[in-house]
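The block underneath contains the structure these notes are about, expressed in structure tokens.
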Amino acid sequence: MSHPTDEVHHIVGLCGYHHEMMKRIGDFLGTRGADSDVVFYTRHEQRDIWAVAHPTGYPDKIKSLVQTLRLSNLHILCLPAGEPLGPLAGEAIVAMDLFKRLRNTHVFACIGDITPKTEYNVEPLQDTLRKVTKGSAIEGIPIFTVRAKDDLDTLKAALLKAPPLPPPQNFTKVLVDNSFPVKGVGTVILGVVESGQVVASEMLELMPDQKKVIVRSIQKQDRDFKTAEAGDHVGLAIKGIKPEEISRDNVLATVGMMEPSENFEAKCSLSPYSKITLSAEDKTQYHLIVDLAVTPVKITGGDTIAPGGHGNMQFKVDKKISLNKGKSFGILLYLEKFTGKLRIIGSLEMTS
């Protein structure tokens, strides 16, 4: 089957810790998939294809939130009406602001859990959110209140109006979310086509392992296709690799368009909300997320960078990462459980 030219994929990332509201949005827009620290809800509605990522592993796992935002381009901050804007909401706002700066993602806020007992706090919560985001990349974020199904319809209409993001590179690249065996088919991966076009029977490269694999077949919403386009949430049957050899540490890409790296230089931008200063003398064990891959990383040299500042630094990762031939970006963070301290440190821009 060929790709319908009028079919639009909407990949939504739910952000924050209000999991009841996230589940409500996920159930409204799709059908829940397999349990994971990032759960997908999917649905095919005529020309609109929905894939909603819910970071169920957050707040314990900061990587679940960052990977959710990396997989999606429509970001919704979910807040409970009965609580003030606390440190966890602040961390989610910092993450959304960072991705807005890096990828120009579309951002929304949604206030739920509105009852007669919490109604009084809705307007103050809206005012606080506007104040804390003033001067940030997400200043003016549209805020939706959800009391009934009609309010979810209004939110959905706003999501439908958001234009697709331009592909960040000009070659085929697939972010891998999951992999598993299917009897009679072999290895299947689930992921998002970030750029380019995937074609059935073509050869791609599994990075950073540099293994050549063949795309046997392509599915979207349990329908067979010959191609998949940028922005599609896909299932790919892959020849040449076992399921246990694939994880979120991998990407699929056009052969020769990415390269593995362990030592690299990057432009580092430190979050203005960070409480630390980075320097060559810093021996702290940080973690780095590039695409969906997570690895321990250490600073090996470079400038001294204060909160809100920029500079060039050298890094060494414990596990090889995959870098585009061109520009790549990564998120520097602490991988510990939440203790009230902001875990997102800043972003890295790598050029190769």
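Laboratory data are not the source of any read-out in this text; all were calculated from the coordinates shown. Just so it is clear, the structure is predicted and the values come from calculations on it, not from any experiment. Counting neighbours? That spans all protein chains shown, and the Cβs are built from the backbone with ideal geometry, glycine included.
Looking only at residues in the range 302-345 that are among the small types (Gly, Ala, Ser) and surrounded by fewer than 21 Cβ atoms within 10 Å (Cβ to Cβ), which one is nearest to Met257 (Cα to Cα)?
Among those residues, the one meeting the criterion is Gly326.
Taking the range 1-52, which residues are among the β-branched types (Val, Ile, Thr) and more than 20 Å from the chain's Cα centre (by Cα)?
Matches in the range 1-52: Thr5 only.
Considering only the range 75-110, state which residues are surrounded by 21 or more Cβ atoms within 10 Å (Cβ to Cβ), in contact (Cβ under 8 Å) with a residue 60 or more places away in the chain and assigned to a strand (DSSP E or B).
Answer for the range 75-110, where residues must be surrounded by 21 or more Cβ atoms within 10 Å (Cβ to Cβ), in contact (Cβ under 8 Å) with a residue 60 or more places away in the chain and assigned to a strand (DSSP E or B): His75, Ile76, Leu77, Cys78, Leu79, Cys110.
If you go through the range 37-57, how many residues are in contact (Cβ under 8 Å) with a residue 12 or more places away in the chain, part of a loop (DSSP other than H, G, I, E, B) and surrounded by fewer than 22 Cβ atoms within 10 Å (Cβ to Cβ)?
4
Of everything in the range 313-337, what is hydroxyl-bearing (Ser, Thr, Tyr) and part of a strand (DSSP E or B)? Give them in sequence order.
Those that are hydroxyl-bearing (Ser, Thr, Tyr) and part of a strand (DSSP E or B): Ser322, Ser328.
Please find, within the range 129-176, the residue that is surrounded by the fewest Cβ atoms within 10 Å (Cβ to Cβ) out of those that are touching a Phe, Trp or Tyr at 6+ places or on another chain (Cβ under 7 Å) and outside any loop (DSSP other than H, G, I, E, B).
Filtering the range 129-176 for residues that are touching a Phe, Trp or Tyr at 6+ places or on another chain (Cβ under 7 Å) and outside any loop (DSSP other than H, G, I, E, B), the one surrounded by the fewest Cβ atoms within 10 Å (Cβ to Cβ) comes out as Thr154.
Within the range 9-34, which residues are part of a loop (DSSP other than H, G, I, E, B) and free of Cβ contacts under 8 Å to residues at least 12 places away in the same chain?
Answer for the range 9-34, where residues must be part of a loop (DSSP other than H, G, I, E, B) and free of Cβ contacts under 8 Å to residues at least 12 places away in the same chain: just Gly33.
Please state which one of Ile299, Ile276 is surrounded by 15 or more Cβ atoms within 10 Å (Cβ to Cβ), among the hydrophobic types (A, V, I, L, M, F, W, C) and in contact with a Pro (Cβ under 9 Å, 6 or more places away or on another chain).
Checking each option against the conditions leaves just Ile276.
Mind listing whichever residues of the range 177-193 are outside any loop (DSSP other than H, G, I, E, B) and either of a type outside the set (A, V, I, L, M, F, W, C) or over 19 Å from Thr42 (Cβ atoms) (or both)?
Answer for the range 177-193, where residues must be outside any loop (DSSP other than H, G, I, E, B) and either of a type outside the set (A, V, I, L, M, F, W, C) or over 19 Å from Thr42 (Cβ atoms) (or both): Asp177, Asn178, Ser179, Pro181, Gly186, Thr187, Gly191.
Residue check: is Leu152 in contact with a His (Cβ under 7 Å, 6 or more places away or on another chain) and of a type outside the set (Asp, Glu)?
No: the conditions fail for Leu152.
Among the residues of the range 77-101, write down those that are of a type in the set (A, V, I, L, M) and within 13 Å of Thr128 (Cβ to Cβ).
Once the filter is applied, which keeps residues that are of a type in the set (A, V, I, L, M) and within 13 Å of Thr128 (Cβ to Cβ), the range 77-101 yields Leu77, Leu79, Ala81, Leu85, Ala89, Ile93.
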